[in-house]
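Peer 1: One structure is given below, represented as structure tokens, and several questions about it will come after.
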Amino acid sequence: MTDKLKRLINSNFIGHEDVTENVIICLLAGGHVLLEDVPGVGKTTLAKTLSKAVDLDFGRIQFTPDTLPSDVLGVSVLNMKTGDFEYREGAVMHQLLLADEINRTSPKTQSSLLEAMAEGFVTIDGERKKLPEPFMVIATQNPIEFLGTYPLPEAQMDRFMMKLSIGYPEQDNEIKMTKNFLSGETFEKIESIIDTAKLLEMKKEVENIKVVDDVLRYANDIVSATRNEPSFVMGASSRAMLHLVRAAQAKAYVSGRDFVKPDDIKAVAVNTLHHRLMLTYEAKIAKEDVDKVLKNLIIKAKVPMV
């Protein structure tokens, strides 16, 4: 089923099979995705295509400096007829939320997503409201514009299971994409192949993927190595360890296995950890790269024989 889902998404989101697989991994693992790339490379197309293929209720909010937390979470409004306050839903009350240009809004509005992303609830006037299941945030940000932006704080970056970059398509893929556009082949014509009940069942199957102790130690060795790396200001958190293992379970699942191999940990480690790590001032002066340092740590970690 996951292979069929990948093919369906890639028929519209062309030339980025690795990105598609990682987004599916995050969906099955119950994680959220941060897409950091230049405008116009298909971030919105990917989110909408995924929502159509999996029949998810889709919501989108365009973040701007004047976006308020109530625009995201909703607000209680007085009903003049009954005299009671009624909850008016915000953008977050969707199964798949596209948070577009999240770094353009204020830290207060950014933080309004923290509870939703971490716990699946929002609190309005002291009352907790459960979000729909499944719930996933795909946030986007432009990496090259800094004027009028608010970088995501570490606490919020840690809520994202993966940070991905799409990049420009190769020539043949871009021509194929243009042909689809000219012929009217868009995500709106995609038919769903998975419903909510089936997706929740698949997520439960991912949770039951077996992870032996040796593989857990291997994952922990990688996470611990980031904490001892002098090039990083701070290492990956305990939440990063949880996300790494859950993403590896989903990777094993889409590969057709019921157990996690060390290769699954390797496959998801960089995308799961790199946005949680920050280079020291000295490392930046030396023009070191987070991904390069992280890959070296992964190579040095002792691989268990399982």
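Peer 1: Mind listing the long-range amide H neighbours of M162? Cut-off is under 5 Å, sequence gap 5 or more, other chains count too, H placed in the peptide plane at 1.01 Å from N.
Peer 2: Residues meeting the amide H criterion: H32, L34.
Peer 1: GNM on the chain, C-alpha springs below 10 Å: top fluctuator among G59, G126, G184?
Peer 2: G126
Peer 1: How large is the dipole of segment 49-157 about the Cα centre if only Lys and Arg carry +1 and Asp and Glu carry -1, each at its Cβ, rounded to the nearest 20 debye?
Peer 2: Result for segment 49-157 is approximately 80 debye, rounded to the nearest 20.
Peer 1: OK, next. Among bridges DSSP assigns within the chain, what percent are antiparallel (round to 5)?
Peer 2: In the chain, approximately 35 percent of DSSP beta bridges are antiparallel ones.
Peer 1: In debye, nearest 20: dipole of the chain around its Cα centre with unit charges on the Cβ of K, R (+) and D, E (-)?
Peer 2: In total the dipole reaches around 520 debye.
Peer 1: Pick out, in residue order, every one of the GluC sites (Glu not before Pro) in segment 69-150 that is DSSP loop and has at most 14 other C-beta atoms within 10 Å; say none if there are none.
Peer 2: Answer by residue number: E145.
Peer 1: For the chain, which span is the longest to avoid every loop-located (per DSSP) member of trypsin sites (Lys or Arg not before Pro) having at most 12 other Cβ atoms inside 10 Å?
Peer 2: Formally, the longest exposed-site-free interval is 82-286.
Peer 1: May I have the pair-distance distribution P(r) for segment 2-189, computed from all Cα-Cα distances with 5 Å bins from 0 and rounded to whole percent?
Peer 2: Spelled out per bin, shortest first, that is 1, 8, 16, 19, 19, 14, 11, 7, 3, 2, 1, 0, 0.
Computed from the coordinates by the stated procedures, all read-outs in this text should not be read as laboratory data. Keep in mind the model is a prediction, meaning the values are calculated, not measured. Quick reminder, even Gly has a Cβ in these numbers, built from the backbone with ideal geometry, and neighbours come from all protein chains shown.
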